[in-house]
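Enquirer: Just passing along the structure, written as structure tokens.
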Amino acid sequence: MITVENVSKYFNRQTILHDVSFALNEGEILGLLGPNGAGKTTLMRIINQIISADKGHVTFDGNLIQEKHLLEIGYLPEERGLYQSMTVEKQIAYLGRLRGMSSVDVKHQLNYWLDKFDIQAWRKLRIEELSKGMAQKIQFICTVLHAPKVLILDEPFSGFDPLNIELIRQELLEFKKKGHSIIISTHNMNSVEEICDRAVLINKGQKLLEGSIQEIREQNKEGLYKISFTGNMIAFANALWAGYEIIDKEVHSDDTFTVYLKMRKGNEINDLLNAVIDQVKITGIETVLPSMEKVFVKTINAQKEISSE
Amino acid sequence: MERFGNRSFKWLMILGPLLILGLVYLFLSSTTSTKKNWKVLIMDKNEIFDGKLTASRPQNLSFDFINAFVEYDDFAKDEKYKDYDLAVQINEKIVSNKHVIISYKEYPPENIQRHLVYYVERRLEEIMVEQFTDLSVSKFRDIKQSLQFNLKDANDPRNEKSTTASWVGFGFGILIILFVFMFGMTILRSVAREKSNRIVEVLLSSVKARQLLTGKVLGIGFSALIQFTAWVVIIGFGLYVFRLTLFPDMFSAGFVADEIAKEGAQNPLSNQSPFVELIYSQIHYTNMLIFFTLFFLGGYLFYGSFFAMIGASMGSESDGQQFVIPITLLLFLAVLSGYYTVYYPGTILSEWIGFIPFTSPMVMMVELSNGFEDGSAWKLFLSLAILFISAFFMMRIAGRIYKNGILRFNHRLKLNMLLKWTKK
């Protein structure tokens, strides 16, 4: 759907983006991750043609992205902005018309979204009369009103309470189901794990990681296993002896435990099972994949260490 | 204290007064200094001055005497007097009536007027002292009555053209400047508001920066024209109603006859009050309105691009406020230019400022109200062309600055930053 190819951007002799490439496929949600100042906003502005790349290019459906493609993109910038003195309906209609919608379509879509979010009562309110969360909802409607093929959302969940986060999350999944593609830039790693299919991690303008969420977590796994059992904890620990390292444990009752451990000396799951199976009753065992948050921190720190060396 | 640390504040603290001094210098130098040699004919029929003037003359003034009165028309048109710029009438009763008429072909600057007054006064003092007193010249100077000098255009001694027409043009010019300032500020506020509430990023994801700016400037310009049209319609209708209802007497034959009777034969040329005549007869509304609209559009686009530049590039509100001052001064300069053109039409400076886009909308309205001589209407169209080309050029620059500056926040605006933004 959208490909970013070898994009670089410089401001005042500083490299903001360096040779960044990735693709957004049809019907997927891509997480664009990175710490503050990594270059995510610049990248999103380049995709939206707000600023131009100094090197490289962006394609939309295989063609170099052009002005006409912008009508097929819905962009929600991190810094939200609405005309404070405009009413909700005028605001939504204005931005809808700006994106090439007919007034009939605008009216129809406006009613659809106001009904869907159960906010018809806000219709005549001015933006300045709304709370931050309410305004965020209007901003979201403005972004999706023209049913764009691609949504580019910078921190779409910020400013929302948990109920509304869930509401927006469901809407995004609905969009995905209908075949729309979405790029989400967020620091909320739980959301990334929950709704993103793939992720791209950038830092200091460089791409550090790209892949499906599962792949990325697999690639970064640390040989950690989680084993749950019923029985004696001391007997379990003695059975492991020196071939395993217990990292953590959870005590559920006097004889029910969950233990996190790492293999040593090339041991594998079968070896672990053989070692403890006579001592305790195993109720579950699984590989523990690192959270996206851990992957994020680990990758950024690793890059820091490399650059400090 | 924060303002004191602001670079633009410091720059403006120095540049602001320098700019004003520059304007004052320009104005004063245009009215006082001239390199031209002014040739003066002193018409002294009774040879009261005896062909002499007292003090040594400055280089740019030369005098000739003639013992006759030359009619204004002859002085203006006769081949014999073509080299003379000014004529001073020394009437036979000057000693008692203290009245001197200076007729001119081109309005003399202040310094030339001062010199003339000085030489005539000094010479008359000598004559008075010689003929009527035993006092010294300096003593006599302390107690004497000053002469009254009256300047008359040799081509229009009855002041039929008068500056009234020029003031009409000046009024229209002021309207242009007022509208440009009002709607220029609207552009600035609108751009700055979209920038500060961040909606501009949403807008830019749908339309190009240049389109957005052009749309904004044209939209506001259109609203300005609508407002102006409303003004024209309401004022026009109001004047018509005044004429029909509130002041019908002013135009009745009886009223005119009464007025003439009251004034005797003092002013037979005018049968209405100058104001009424000005409003209902002198203004060529069609011409003025067409060119007003064109010059307003040109001026608005030209100055509007500056206002847009400021709005887009300012990092904070105080930054923007400070950069409005130079533009306001430029608009003030335009008003000053109009004022200058009213009093000194036809000078080299007034010709030039008619072509400079900063001042041309104002100056050309004054020139237009005075009327162009045959074959010189090209000046009006050249001025318009220069104005629109400059406006187009400035809009392009403003577009670049808008594109580069509109997504920059909380920075300190520097001139080199602006220059850099104009390049890409």
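Enquirer: Looking at the range A:189-206 only, could you name the residues that are over 17 Å from the mean Cα position of the chain (by Cα) and in a strand (DSSP E or B)?
Expert: Going residue by residue through the range A:189-206, those that are over 17 Å from the mean Cα position of the chain (by Cα) are A:204-206.
The one that is over 17 Å from the mean Cα position of the chain (by Cα) and in a strand (DSSP E or B): A:Gln206.
Enquirer: Are any residues in the range B:296-318 under 23 Å from B:Val335 (Cα atoms) and among the hydrophobic types (A, V, I, L, M, F, W, C), and if so, which ones? Reasoning before the result, please.
Expert: Taking the range B:296-318 first, the residues under 23 Å from B:Val335 (Cα atoms) are B:296-310.
Within the range B:296-318, B:Phe296, B:Leu297, B:Leu301, B:Phe302, B:Phe306, B:Phe307, B:Ala308, B:Met309, B:Ile310 qualify.
Enquirer: When you look at A:Val259, is it in contact (Cβ under 8 Å) with a residue 24 or more places away in the chain and either in contact with a Gly (Cβ under 6 Å, 6 or more places away or on another chain) or not hydroxyl-bearing (Ser, Thr, Tyr) (or both), yes or no?
Expert: Judged against the criteria, A:Val259 is a match.
Enquirer: Could you pull out every one of the strands (runs of 3 or more DSSP E) wholly within the range A:1-77 that has 2 or more residues that are in contact with a Pro (Cβ under 9 Å, 6 or more places away or on another chain)?
Expert: Values: elements: A:2-11, A:14-24, A:29-33, A:55-60, A:73-76.
Where strands (runs of 3 or more DSSP E) fall fully within the range A:1-77 and carry at least 2 residues being in contact with a Pro (Cβ under 9 Å, 6 or more places away or on another chain), they are A:73-76.
Enquirer: Looking at B:Tyr81, B:Tyr104, which is the one that is closer than 21 Å to B:Ile348 by Cβ and among the aromatic types (Phe, Trp, Tyr)? Explain how you work it out, then say what you get.
Expert: Numbers: B:Tyr81 fails: closer than 21 Å to B:Ile348 by Cβ.
Residue meeting the stated conditions: B:Tyr104.
The rows are residues; the columns are (1) in a helix (DSSP H, G or I); (2) farther than 30 Å from A:Thr42 by Cα; (3) in contact (Cβ under 8 Å) with a residue 24 or more places away in the chain; (4) in the same structural domain as A:His180 (by TED's automatic domain parsing).
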site	(1), (2), (3), (4)
A:Leu208	no, no, yes, yes
A:Lys226	no, yes, yes, no
A:Ala237	yes, yes, no, no
A:Asp248	no, yes, no, no
A:Val251	no, yes, no, no
A:Asp278	no, yes, yes, no
A:Glu293	yes, no, yes, no
A:Glu305	yes, no, no, no
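Enquirer: Right, next: I'm trying to understand the selection: among the residues of the range B:342-360, which are touching a residue at least 40 places away in the same chain (Cβ under 8 Å), in contact with a helix residue (DSSP H, G or I) (Cβ under 6 Å, 6 or more places away or on another chain) and of a type in the set (Gly, Ala, Ser)?
Expert: B:Ser360
Enquirer: Also, quick follow-up: Take the residues of the range A:250-262 that are of a type outside the set (Phe, Trp, Tyr) and surrounded by 14 or more Cβ atoms within 10 Å (Cβ to Cβ): which is farthest from A:Ala275 (Cα to Cα)? Lay out the reasoning, then the answer.
Expert: Keep residues of the range A:250-262 that are of a type outside the set (Phe, Trp, Tyr), which gives A:250-256, A:258-259, A:261-262.
After this cut, where a residue has to be surrounded by 14 or more Cβ atoms within 10 Å (Cβ to Cβ) as well, the list is A:256, A:258-259, A:261-262.
Details: A:Thr256: 18, A:Thr258: 16, A:Val259: 14, A:Leu261: 13, A:Lys262: 14 Å.
Result: A:Thr256.
Enquirer: A further question follows. Out of the residues in the range B:202-214 that are within 8 Å of chain A (Cβ to nearest Cβ) and of a type outside the set (A, V, I, L, M), state the one that is nearest to B:Val324 (Cα to Cα).
Expert: B:Lys208
Enquirer: Inside the range B:1-101, counting only strands (runs of 3 or more DSSP E) that do not spill past its ends, which hold 2 or more residues that are out of contact with any Phe, Trp or Tyr (no Cβ under 7 Å at 6 or more places or on another chain), surrounded by 16 or more Cβ atoms within 10 Å (Cβ to Cβ) and modelled with pLDDT of 75 or more? Break it down stepwise before answering.
Expert: Details: elements: B:38-43, B:61-66, B:86-90.
Passing ranges, in order: B:61-66.
Enquirer: Would you point out the residue of the range A:256-271, among those that are touching a helix residue (DSSP H, G or I) at 6+ places or on another chain (Cβ under 8 Å) and at pLDDT 85 or above, that is farthest from A:Ile234 (Cα to Cα)? So that I can check it myself, show each step before the final result.
Expert: Let us first name the residues in the range A:256-271 that are touching a helix residue (DSSP H, G or I) at 6+ places or on another chain (Cβ under 8 Å), namely A:257, A:259, A:261, A:263-265, A:267, A:271.
In the following step, the residues that additionally are at pLDDT 85 or above were identified as A:257, A:259, A:261, A:271.
Details: A:Phe257: 11, A:Val259: 12, A:Leu261: 15, A:Asp271: 19 Å.
That would be A:Asp271.
Enquirer: Identify all residues within the range A:98-107 that are part of a helix (DSSP H, G or I), more than 11 Å from every other protein chain (Cβ to nearest Cβ) and surrounded by fewer than 20 Cβ atoms within 10 Å (Cβ to Cβ); write none if there are none. Talk me through it step by step, then tell me what you get.
Expert: Taking the range A:98-107 and keeping what is part of a helix (DSSP H, G or I), we get A:98, A:103-107.
Applying the additional criterion that residues be more than 11 Å from every other protein chain (Cβ to nearest Cβ) yields A:103-107.
Scanning the range A:98-107 gives A:Ser103, A:Val104, A:Asp105, A:Lys107.
Enquirer: So in the range B:177-201, with the set limited to residues that are farther than 17 Å from B:Met314 by Cβ and touching a helix residue (DSSP H, G or I) at 6+ places or on another chain (Cβ under 7 Å), which one is farthest from the other protein chains (Cβ to nearest Cβ)?
Expert: Filtering the range B:177-201 down to residues farther than 17 Å from B:Met314 by Cβ leaves B:177-183.
With touching a helix residue (DSSP H, G or I) at 6+ places or on another chain (Cβ under 7 Å) added as a condition, the list becomes B:177, B:179-181, B:183.
Values: B:Ile177: 29, B:Phe179: 24, B:Val180: 25, B:Phe181: 23, B:Phe183: 19 Å.
By that ranking, first place goes to B:Ile177.
Enquirer: Among what's in the range B:403-420 and is touching a Phe, Trp or Tyr at 6+ places or on another chain (Cβ under 9 Å) and assigned to a helix (DSSP H, G or I), pick the residue that is nearest to B:Val342 (Cα to Cα).
Expert: Looking at the filtered set, the residue picked out is B:Leu415.
Enquirer: Further question on the same structure: Hey, among the residues in the range A:172-219 that are buried (at least 17 other Cβ atoms within 10 Å of the Cβ) and of a type in the set (Ser, Thr, Tyr), which one's modelled with the highest pLDDT?
Expert: A:Ser181
Enquirer: Here are some residues: A:Gly179, A:Gly159. Which one is in contact (Cβ under 8 Å) with a residue 12 or more places away in the chain and out of contact with any helix residue (DSSP H, G or I) (no Cβ under 8 Å at 6 or more places or on another chain)? Walk me through it before giving the result.
Expert: Details: A:Gly159 fails: out of contact with any helix residue (DSSP H, G or I) (no Cβ under 8 Å at 6 or more places or on another chain).
Step by step, each of A:Gly179, A:Gly159 is checked, and only A:Gly179 is in contact (Cβ under 8 Å) with a residue 12 or more places away in the chain and out of contact with any helix residue (DSSP H, G or I) (no Cβ under 8 Å at 6 or more places or on another chain).
Enquirer: In this structure, does B:Lys144 turn out to be away from every other protein chain (no Cβ under 14 Å) and surrounded by 15 or more Cβ atoms within 10 Å (Cβ to Cβ)? Outline the logic, then answer.
Expert: On the way: away from every other protein chain (no Cβ under 14 Å): yes; surrounded by 15 or more Cβ atoms within 10 Å (Cβ to Cβ): yes.
Taking the combined requirement at face value, the residue satisfies it.
Enquirer: Please work out which residue is surrounded by the fewest Cβ atoms within 10 Å (Cβ to Cβ), limiting yourself to the range B:370-394 and to residues that are more than 18 Å from B:Gly173 (Cα to Cα) and among the aromatic types (Phe, Trp, Tyr).
Expert: Residue satisfying both the conditions and the ranking: B:Trp378.
Enquirer: Could you identify the single residue in A:Leu82, A:Leu95, A:Leu151, A:Leu110 that is among the aliphatic types (A, V, I, L, M), away from every other protein chain (no Cβ under 14 Å) and either buried (at least 16 other Cβ atoms within 10 Å of the Cβ) or part of a helix (DSSP H, G or I) (or both)?
Expert: Answer to the selection: A:Leu110.
Enquirer: Return the residue satisfying two criteria in turn: it lies in the range A:42-79 and is of a type in the set (Asp, Glu) and more than 18 Å from B:Glu194 (Cβ to Cβ), and of such residues it is nearest to the other protein chains (Cβ to nearest Cβ). First the steps, then the outcome.
Expert: Filtering the range A:42-79 down to residues of a type in the set (Asp, Glu) leaves A:54, A:61, A:67, A:72, A:78-79.
The next check asks that each one be more than 18 Å from B:Glu194 (Cβ to Cβ); those that pass are A:54, A:61, A:67, A:72.
Details: A:Asp54: 10, A:Asp61: 18, A:Glu67: 7, A:Glu72: 11 Å.
By that ranking, first place goes to A:Glu67.
The values are calculated or read from the model by the stated rules, or taken from the named source; none is laboratory data. What you see is a predicted model, and the numbers here were worked out from it, not measured in a lab. Reconstructed Cβ throughout: ideal geometry from the backbone, glycine too, with neighbour counts over all protein chains shown.
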